[in-house]
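The values are calculated or read from the model by the stated rules, or taken from the named source; none is laboratory data. Worth saying up front: this structure is predicted, and the values here are computed from it rather than measured. A quick note on method: Cβ atoms are made from the backbone with ideal geometry, for glycine too, and the neighbour counts reach across all protein chains shown. Protein only, heavy atoms only, side chains kept; ligands, DNA and RNA dropped before computing areas. Shrake-Rupley method; radii C 1.70, N 1.55, O 1.52, S 1.80 Å.
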Amino acid sequence: MTAVLEATGISKSFRGLQALRGVDISVEEGQILGVIGANGAGKTTLFNCITGNFPPTSGTVRLDGADVTGQPAHKLAHRGMVRTFQLMRPFHTMTVLENVEIAAMSRGARGGTARREAGETVERTGLGEWADQLSGSLPAAMQKRLELARALAMRPRVLLLDEVLAGLVPAERAPVLDLLENLRDTEGMTMVFIEHIMAAVRRLSDHVVMMDSGAVLATGSADEVLTDPQVVEAYLGKEASDA
Amino acid sequence: MKRSLRNWSVVGLAGATLALSGCAGSAVSAAGGDAEATTEDVAEIHIGALHPLTGSNAADGQQMAAAAQMAVDAVNEAGGIESLGGAELVLDSADTQGEAETGQSEATRLIEEGAVALLGTFQSGTSANVASVAERNQVPFVMDVSALDEILEQGYTYSFRLQPSASQMGTQGAESLLSLVEDSGAEVDQVAYLYEQGNYGAAAYETFLAEAEEAGLTVDPVIQYDPAAVNDMTTQITQVAASDADALVVTGYYRDSLLVAQAVDIVEPDLQAVYGVANGAYDQPDFVNDAPNGGDGYFDANYHWDVTNADSQALAEAFEAEHGEPIRSSAVLSYDAVMVIAEALERAGSTDTTAVRDAVTETGYAPLMVADGPVTFDETGQNTNAAVVVMQIQDGDIVQVFPQEFAETDYVFPAPPTE
Amino acid sequence: MATSLQNAPETTGSAARRPTLSERQKVAIVTVSVLAVVTAVAALRAGSSTVLVQALVTGVLTGGIYSLVAMGLTLIYGVLHIINFANGALVALAMYLTFVTVDTMGVHPYTALLVVVPAMGVLGALLQTSLLNPVMRAPIQIQLLVTIGLALAIENVLLLVFGPTPRSVQLPGNVGVSILGATVELSRIYAFVGALVLVAILSLVLQRTAIGTSIRAVAANPEGARLVGINTKSIYSVTFALGAMAAGAAGVLVAPFTTIEPTSGAIFNLTAFVVVVLGGMGNIPGALVGGLVVGLTEQLAGLILPDESPLLAVFVVFLIVLFIRPKGVFGRAS
Amino acid sequence: MTTTATPRTSTSAGGGLTGRLTTDTGSQRSRGDYVVLAVFVAVAAAVPFVLSASDMAIANRVLIFAIMGVGWNIMAGFGGMFSFGHAAYFGIGAYATAYGVVVLGLSPWLGMLLGIAISVAAGVGISYLALRYKLTGAYYTMSTFAFAEALRLFVIGNDALNRTVGFTIPVQQGSSLVDFQFPAGSPWYYWIGLGLLGMCLLASILFVRSRPGRFTIAARDDDVAAAALGIDVLRHKLFAVAVSAAITAVAGTYYVQYYMFVDPEIAFGAAASNDAIITAVVGGTGTIWGPIVGAIIMAPLSDVVTGFLRTPPPGFEWLAGHGGLDIILYAVILVAVVILLPKGVYGTLVSRRRKS
Amino acid sequence: MLELTGVRSGYHGLEILHEVNLTVQPGEIVAIVGANGAGKSTTLRTIVGEVKLQGGSVTFKDQPVVGGRSHELARRGLMLVPEHRALFGSLTVDENLTMGARARKGRWGFEKDWILDLFPILRERRTQLAETMSGGQQQMLAIARALMGSPDLLLLDEPSTGLSPKLTWTVFDAVKAIRDRGVSVLIVEQNASQVLSFADRAYVLESGSVVLEGSGADLADDARVQAAYLGG
């Protein structure tokens, strides 16, 4: 099997500050890759480089084997790679339904179709009762779901999720995890997700990459990575690994 | 319509003017009585005056409105419009704020309120706008001040202009300069020309150039500038100083012409004279206060009220007595404009605006301004007898010095701007 | 360029790197060589070395005046991120205050500084406190609209009070002097020196005084400033007051060689914006350099393209710089 | 385009007024907009039967302000690009019409199309540069301002465009719809202007409901999110600029045909830009109807003040003969609205109603 | 010293913190730990009044904290070092420290020398611009700047972010030294094990609510804390 998404040697520096140092990741069709690491490790920057928010300083991004490095975000979205944002970015003057409708329209759905699809997606992501609320005044947890709903309305083949569970109480997490799992299992959706909640990482990831200071520190299965002494030290601090 | 009345009109007008200077005009008004047999019975005739009563030209605008009112009062005192049963004139004065749109809406309002003729407006842009309103409403419009040639190049049949156009002033400015030089016996072979780069400056310059070249006068260097942006004229005056020019000719507005004077003062070019053509500063009393050395010796060829004319002097005295400030030439032009309209009404004997327009076309009114003769409009509506006079600043006073017939005192030439 | 207040809000703050010396040298070399070529062309067109020298000297002097007028603008932008459209109106107000002072007390025009500058400071503080502080968290356009309103109000109040007739202020002993064969009015030299002094004073205030350090701190990071106990709103008011005082000083120094009308300051508005953008918004010494570039461009363009308004050349330079180097030629690179 | 949220400037070009807007985003309530538009045009069409001829001059000015406000609002209100130089598009419309009529002998309607075409090309060109080079905040605002100024200076220096004099439309006697000329005081100027305004409003409503319009609003709200959802932000913003420039150019044409005169200051001066901005801001940025409300408030100000001063009531006589009062009032209203009603008069009413 | 009672707060009318109760006594280090998005930073920002209080109360030295006036709080002796540090990037190290002292209003002070002894690297870089320093140095400068204001209570938001383990310990050692001079410290950390090893007391925050509280040592051994981070 070939990698659907493959990023090799991604480096990024901002005004001389090295945020990424030669990061390699790849994910195969229908698989889920978890990306973990402390705040400031460069996870979101990696997403930004991959999804075309800004070009990497060096390195290559391949989607379905084609070099898409530096292509603008909107083109990559139409090639099937869609992302969510850690800091929610709703179209705040629009309702939840309209937010999702925009995504459906962008994918190409027309008028009533876009609206119907948006309604379905809204229901599917548990936002049904919020559909007519202005997205700007939504609780954070609902905005998180909206991020996901909008991305799903694009019917992506590769979905990049940036801390989609953050801010959700455990009871709220389960349906989201179920949904993601379902998407992978029934639709074969490929995913890369940044997450701090390790239970979720353990449950979803086929593969895990641990980042630290802009570089990949460890990679492997969830169990392998989460028991790696280096990882434990970086994550929990020195004493925990000593203990 | 009433061509036969031409002779009468001169008499009638003289009467109106005399009334102002305190003499009774009753003798002539009787003569006017039988001029129009089919008199319409009207009690009042409205004339609309459009001037910038506020805005950056309000000082002129307010004087112009005041002088127009004095003209109306004079006509009414002399018995009103005899041919219309002694109907009184009423001046409806409106504020253009110096803006084209306001000028247009105010002109429309005045016409709607019954004005049979309009006068104004000072700013050329506003006048252009009012002229189109006048044309569309078929109401005569007599421009007192507005120099831009283009206003009357639209084929309008209801618009007239008393003052010399910019190009007339350029031509006559050159003629005056040439005769002045010849008269003085001085040697001027080359002049430098400095002008604001708008159409006003360009028209004055181009006609000046044509006249000068014909007479063999070299015009070089020629320098234009942006009057709205310029902050310093030293470089331009240095260009003049570096040339062989014997005199400097300047066409510009107040602020920039003052900058020229300041630069001339410090660069000290070797010039026999600074000579304004239609200059917005060199005939202004303020300039005497603001300029280095009081601008002593500066010439300006411009329209001006005729200081040598007794009627004009009487108006000036009356104006100063009533309003506490010396009358400006712009105000005298407004006075003349009302008189042209009044005289036309008298001959038309009708308040039909087209009849009034036809009568204006035939006017022969002798103006209080310096002129080559009575007001005579050509087919575009321009007063062909409009003329400039050369003024000079002498010991803090702005005096008419040339040509001889209008001179109140002798000119000084050469008059180097820096002593 | 330590007096730069520019902490571009677009940057993430901590990671900004100053331009290296070589970068700045590059800019300087390009600027100087462009100026040299333009000067050569101007020399050919002028055909006289006297005229060229005069144009260069005049360019430098008017450039100084432009930067003088722009100083308050750049200071206020640097700290408050407000494009103060009322800067020109404030300069005009200062000119009228100068006129009134000289007219009623009969003093030397420059002594009006003692009256005008403090008065403008008080006015500036009041304006910021009452009108601008309430909208400081709004997008910059909102503050821009407030200053547009201010500009219209100030200019028209001046018109209402003083009427449209131009006023003037005479400077005793204002004669022409010769510099390098060029002739220059003394009052313009004083204004140029005034610009230099103002740059020095503002730099000193910002660098060496407690209040100046607070201002720079607020400019650099308003949140951090609040966290160390600085009342940012009062610093905003102090800064606007300083900006208005700079406009006041400019008004006094410019008054002797210009006619005083309600729009006398607005004439400088356009050039002042160009100066500030060229110099890097918020960069005080940059404003001086920007002023010189504009002054020289205007003078040389006047020689090269006598048919066009020299301002057109200035604006074309402005647009090019905006697109190619939006942080200003002499501003920090980002 | 950085994803880092910044405190004072939005990441969208020109900053936008994001966060202070109420937007009629379209789908929920704009069926009603068509009805309101129809009623508005029908009621407004009766105005000439009510007002006197001189008051009609004010009504026509309201129309011009309104069209300019609607045009500006597309770009700044819905597109988030705060233009400070809409005089550029107004002026191009005015000059293209005047040049077409006077020099080329075209019908003013063709002149209008010419104006729209040039205006759109210029707007898209300059905005492409501004967006391409990511001018934001103050720099974007400055660039729009500088563009209008540069055009003004260009015209002043251009002989073919009559330099400072501008153009005067030749007067014809009688009415002609083809030549867009009627006797003075004819209500046809008003009706045509109202028709144009109606079409511009219709364009505005259609835009807000259309795919490009909704994508543009999405990009205004958050351009990064919009791009991530496959929206070509640059293309849609340029489309908004094109619509905005076209509408504003129509105002220019109407101005020229009504006043029959244009010069560089009228066309490209800062006052024209201010009028467009202030009309929309006072009424309510980012709403369909805000600019109409703004125009009704702001356009008659100068005439109202002039009328007031013509016969000042006791206590105000000293104001007669002094200029500037109208603009002071204009400025005070602007500042008061910006500080106290940041959503504008109409925008505030709408959001109050929504809350209650 | 600091008391939060039933605090509810959030942004744009939506609630992030639900009924949070929390106290800090004089001279103790209190830690708040929890996953990303649990509301840790919001708690700190609520304390300094940068986030609007929607219910409950925050008192500092028995006086209520008023929203929007964080500069007054600094003068009363409460200094926050935010996660992004909020340094004055275009000012030098020395100037940053001088600005910090602005908050000092008649309180006993940390001497500048003592502070520079705590972070000797700052002494070498006194004339360097803050924005040109490395992340670790900036963190130290941020703490040093706050200390210059002689706080009675120091709030630290994730001081270990972006620091190497070695630097992290330098910072934590400094925190202990600060506490030892009698200053209360409220510290928010992702690096749970480390911070719990020296905190006197700690709260575990989850989805805007306090789910656990106790002594640092107790919580360090609590399996539920481990679970919160590594998912068990």
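Worth a mention:
- Area hidden from solvent between E and C (accessible, protein heavy atoms only, 1.4 Å, total, Å²): 2100
- Solvent exposure of B:TRP305, expressed as accessible area, is near 40 Å², computed with a probe of 1.4 Å over the protein chains only.
- E:GLN54 paired with A:GLN133, simple spin-label distance in nm, labels 7 Å along Cα-to-beta-carbon: 1.0
- Each Lys or Arg adds one and each Asp or Glu takes one away; over the other residues whose Cβ falls under 11 Å from the Cβ of B:VAL274, this sums to -3.
- Near B:GLN138, once Lys and Arg are set to +1 and Asp and Glu to -1 for all other residues with Cβ below 12 Å from its Cβ, the sum equals -1.
- Take the accessible area of chain C alone and of chain D alone, subtract that of the pair, and you get about 4400 Å² summed over both chains, using a 1.4 Å probe.
- Within straight-line reach of E:LYS112, meaning a Cα separation under 13 Å, sit the following aspartates and glutamates at least 8 residues removed in sequence or on another chain: E:ASP94, E:GLU95.
- Using the Stokes-Einstein relation with a Kirkwood hydrodynamic radius computed over Cα pairs, the translational diffusion coefficient of the range A:90-153 at 37 °C and a viscosity of 0.692 mPa s comes to 300 µm²/s.
- Euclidean distance between Cα centres, the range C:141-171 to the range E:76-116, Å: 43
- Of all DSSP beta bridges confined to the protein assembly as shown, the antiparallel ones make up roughly 45%.
- Residues listed by number, the range A:137-160, amide nitrogen under 15 Å from A:ALA66 label point at 7 Å toward C-beta: A:157-158
- Entries in D:LYS237/E:LYS52; D:LYS343/E:LYS52; E:LYS105/E:LYS166; C:LYS233/E:LYS61 that, when Cα-Cα distance is taken, lie over 29 Å: D:LYS237/E:LYS52; E:LYS105/E:LYS166
- Computed from point charges on the beta carbon alone (+1 for Lys and Arg, -1 for Asp and Glu), the dipole magnitude for chain D about its Cα centre is near 1220 Debye.
- Degrees between helix D:87-102 axis and first principal axis of chain D (Cα, 0 to 90, nearest 10): 40
- Solvent exposure of chain B, expressed per residue, is 32 Å² of accessible area, with all protein chains present and a 1.4 angstrom probe.
- Taking 7 Å steps out from each Cα toward its Cβ at D:GLU317 and C:SER178 produces label points 6.2 nm apart.
- C-alpha long axis of helix E:135-148 to longest principal axis of chain E, angle in °: 90
- Residue mean of other protein chain beta carbons inside 10 Å, B:193-203: 3
- Entry comment: accessible area of chain D is 32 Å² per residue, from protein heavy atoms only and a probe of 1.4 Å.
- Inter-label distance, nm, simple model (7 Å from Cα along the C-beta direction), A:ALA171/B:THR354: 9.0
- Solvent exposure ordering (accessible area, 1.4 Å, most first) of B:ASP183, D:ASP33: B:ASP183, D:ASP33
- Loss of accessible area when A meets E, both sides summed, Å² nearest 100, probe 1.4 Å: 1900
- Taking Cα atoms only, the orientation of helix A:140-153 departs from the longest principal axis of chain A by about 80 degrees.
- Taking all C-alpha pairs of the range D:300-356, those more than 12 Å from each other amount to 71 percent.
- P(r) of the range C:47-324 over all Cα-Cα pairs, binned every 10 Å from zero, in whole percent: 7, 29, 35, 21, 6, 1, 0
- Classified by the C-alpha gyration tensor, the range A:158-200 has an oblate form. Its axis ratio a/c, with a ≥ b ≥ c, is 1.5 or above, and a/b does not exceed b/c.
- Span-rule helices in chain B, defined as complete DSSP H runs reaching 24 Å or more along the axis (Cα) with Kyte mean at least 0.5: B:329-348
- Tensor-based shape of the range D:25-283 (alpha-carbon gyration tensor, a/c under 1.5 rounded, otherwise prolate or oblate): oblate
- DSSP-defined antiparallel bridges as percent of all bridges, chain B, nearest 5: 25
- Surface listing: C:GLU308, A:GLU101 arranged by accessible area from highest to lowest gives C:GLU308, A:GLU101, probe 1.4 Å.
- Shielding by partners, peptide A:101-111 (average Cβ within 10 angstrom, other chains): 4
- Using the Cβ-Cβ distance between B:GLN404 and B:ASN293 with R0 set to 22 Å, the FRET efficiency from 1/(1 + (r/R0)^6) comes to roughly 0.25.
- Once you reduce the range A:1-77 and the range B:308-372 to the center of their Cα atoms, the two points are 85 Å from each other.
- Within the protein assembly as shown, the proportion of C-alpha pairs whose separation exceeds 69 Å stands at 18%.
- Within the range E:1-137, DSSP assigns beta bridges of which about 100% are antiparallel (rounded to the nearest 5).
- Radius 9 Å from Cβ of B:GLN190, net charge of other residues (Lys, Arg +1; Asp, Glu -1): -4
- Minimum 40 Å² accessible area buried by the other protein chains, the range C:221-245 residues, probe 1.4 Å, relative to alone: C:ASN221, C:GLU223, C:ARG226, C:LEU227, C:VAL228, C:GLY229, C:ASN231
- Mean partner shielding of peptide B:98-110, defined as the number of other chain Cβ atoms within 10 Å of each residue Cβ, is 6.
- Secondary-structure-derived ellipticity at 222 nm for the protein assembly as shown, considering helices only, amounts to -16500 deg cm²/dmol, per-run term -39500 (n - 2.57) for DSSP H runs with n ≥ 4.
- Per-pair calculated FRET efficiency, R0 = 51 Å: D:ARG132 and C:HIS108 via Cβ, rounded to 0.05: 0.45
- Rounded percent of accessible protein surface that carbon and sulfur make up, the protein assembly as shown, 1.4 Å probe: 57
- Probe 1.4 Å - accessible area at B:GLU44, Å² to nearest ten: 110
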